1. Can you show me the helix-derived [θ] at 222 nm for the protein assembly as shown, built from DSSP H runs with n ≥ 4 at -39,500 (n - 2.57) apiece and divided by the number of residues, rounded to the nearest 500.
2. If you look at just the Cα atoms of the stretch B:3-88, how large are its Rg and its Dmax in Å?
3. Report, to the nearest 10°, how far helix A:97-106 tilts away from the longest principal axis of the Cα atoms in chain A, using its own Cα long axis and a range of 0 to 90°.
4. What ratio of Cα Rg to 2.2 N^0.38 Å holds for chain A?
5. Starting from the Cα gyration tensor of the stretch A:137-201, take the square roots of the eigenvalues, sort them a ≥ b ≥ c, and report rounded, prolate or oblate (rounded when a/c is under 1.5, otherwise prolate if a/b is larger than b/c, else oblate).
6. GNM on chain B, C-alpha springs below 10 Å: top fluctuator among B:79, B:186, B:135?
7. Who wins for biggest fluctuation among A:245, A:175, A:324 in a Gaussian network model of chain A, springs between alpha carbons below 10 Å?
8. Could you give the DSSP H helices of chain B that reach 24 angstrom or more along their long axis (alpha carbon positions) and whose average Kyte-Doolittle hydropathy is no lower than -1.0?
Amino acid sequence: MYKGRGTLNVGHDNSCLNNMKELLKLEGIKKYFSAKGDNILRAVDNVSFSVKEGEGFGLVGESGCGKSTLARLILKLIPPTEGKIFFDDLDIVEAHGETLSKIRKGLQIIFQDPFASLNPRKRIVDAIGEALIVNKIVPKREVKDRIIELLKKVGLNGDTLYKYPHELSGGQRQRVCIARALSVNPRLIVADEPLSALDVSIQAQIINLLEDLQIDSNLSYLLISHNLQVIEHFSDTVAVMYLGRIVELSPTEDLFAEPLHPYTEALLSAVPVPEVDKRKKRIVLEGDVPSPLHIPSGCPFHPRCFKRFKPCEGEVPALKEVKRNRWVSCHLYA
Amino acid sequence: MKLSKIIWKRFRKNKISLASALFVVILFVIALGAPFLSPYDPSEIDVSNILSPPDKAHPLGTDELGRDVLSRMIWGSRISLSVGFVAVGIAILIGIIVGSLSGYYGGWLDTVLMRFVDIMLTFPTLFLILAVVAIVGPSIFLIMLIIGLTGWMDVARLVRAEFLTLKERDFVWAAKAIGIKDIRVIFSHILPNALAPVFVAATLGVAGAILIESGLSFLGLGVQPPTPSWGNILTAGKDNIEIAWWLSVFPGLAILFTVLSYNLVGEGLRDAMDPRLWGGTEE
């Protein structure tokens, strides 16, 4: 459904990306929450990856696998239990004062639910204006012009300026959220399921908008989604998450052409194919995703894996580069 | 459309609350216009006219010193309203600060503040006031202060509860992500969304404070004669209840309707301000 406009990957294929600077870098990030009793909820466990300048990075996984927690960690909205995050070589975890405000300007987020991510008591002009003023992006007297410019950029007209969020539709609100994120001229936008709360027709509009913005402003995206079609269309690199870990990390084309991890294989087999005669065999996984409170021993995926064998129960497989640029955490490739 | 307009539109639909609000407004006008509205000087003694029943000259009768009850009640409304508002103002201010910090920061601060709230709740307000009055002597300002200082706990708990849910909302995360400082997130982003129950608690609190003041004045520990207050008019009424019903009935009704009105306004506000009832795109 998103295929009408040519793919984003045109112009910067992977070989080109390899020379680009790493904009965001996660090193061994862990986030544990203490739950009832002495239980520990391992929401994010030992995640490392990097997003390069101008890249679209897709993060895919089922609900509850730690994607949104990861987004909040990157934005320094919650502190990690362990690990380091760098944005443009600045340490996010330790950042405060000037450095933090520099990072905040470079790194923005768009949330899933546009109904929840705008303050119901602030007019659009105040919501965006505040971002401009607090970060001293433009002088005070230019704030209004700048807001109109931003709204135009995301396809909204000046009428929106003095409206409250409840007067706007879901798509309009998501555009406002994007305008607010853009107001500080970020270099990387973390988009946490930006489409899943929207109608299908609106989804296409928003994704086209995000694409246009990427080309216009050389934005990088970290797109978090459970929608594989969106990820395939939108990103240059994909990371597949399962129970707080990355199980496969690979250039998008390669991953969709030849998934290596059994979990990725199962996910891809669930994507509906638009051609009638081309039937794929659907891999149905046994059981449900285990609770992150009781992560299975060894490979976390092994109780549901259709390719499991002896070593899977024993130890956690490390994320290793098994082919060029293709990282998998699975004993099959040990 | 502005939010205040929406709230007003919804509030207007509730006729009983609207009538109560009108009554409250009239009370305000009466209190402010006391010098012009009262037919007599409230302390003017007229020994030839002691305990005269309501008639043309004195619509609500006279008291045991021949003073005009209507004039005394008009002046007394100033006491009731100022006690209500000052006491509740103090209570809300403290309650909002404690509740916001507790709910927003959580952790040990929350534990300490909430245990403090528990301790404060064990003080019986009335007896605390009685004790302080016994030591310092009766003073209306002291009473306002004590009612305020002992009445903020409900507000603190309400605000804290609102903060606990609001601080996890995406718009708060978004505000933080865009670089807005904690103090601004608390007071500009979260607090305005947490105020609906506070307004309700405040109007109910005004009613409660008026009751406490009337009670104290009735006992002779509040407003001291000759300054009139509804409570100390009632005291005179108690002494003469068998021969001068008007001395008890009119201030009693004034207290009853005032307290009732504040409660009804509070309830009307609660319904009108609940954003969950606004729906998506109300005209």
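Here, each number is a calculation from the coordinates, and none is a lab measurement. The shown structure was predicted, so the numbers you read here are calculated from the model rather than taken from an experiment. With ideal geometry, Cβ positions are generated from the backbone for all residues, glycine too; neighbour counts draw on all protein chains shown.
1. -15000 deg cm²/dmol
2. Reported Rg and Dmax, both Å: 17.2, 58.
3. Once rounded, the angle reads 80 degrees.
4. Here the answer is 1.02, to two decimals.
5. Oblate is the answer for the stretch A:137-201, as a/c is 1.5 or above yet b/c matches or exceeds a/b.
6. Between B:79, B:186, B:135, it is B:135 that shows the largest mean-square fluctuation.
7. Sorting by GNM fluctuation, first place goes to A:324.
8. Those that pass (Cα extent of 24 Å or more, hydropathy at least -1.0) are B:15-32, B:69-105, B:191-219, B:246-273.
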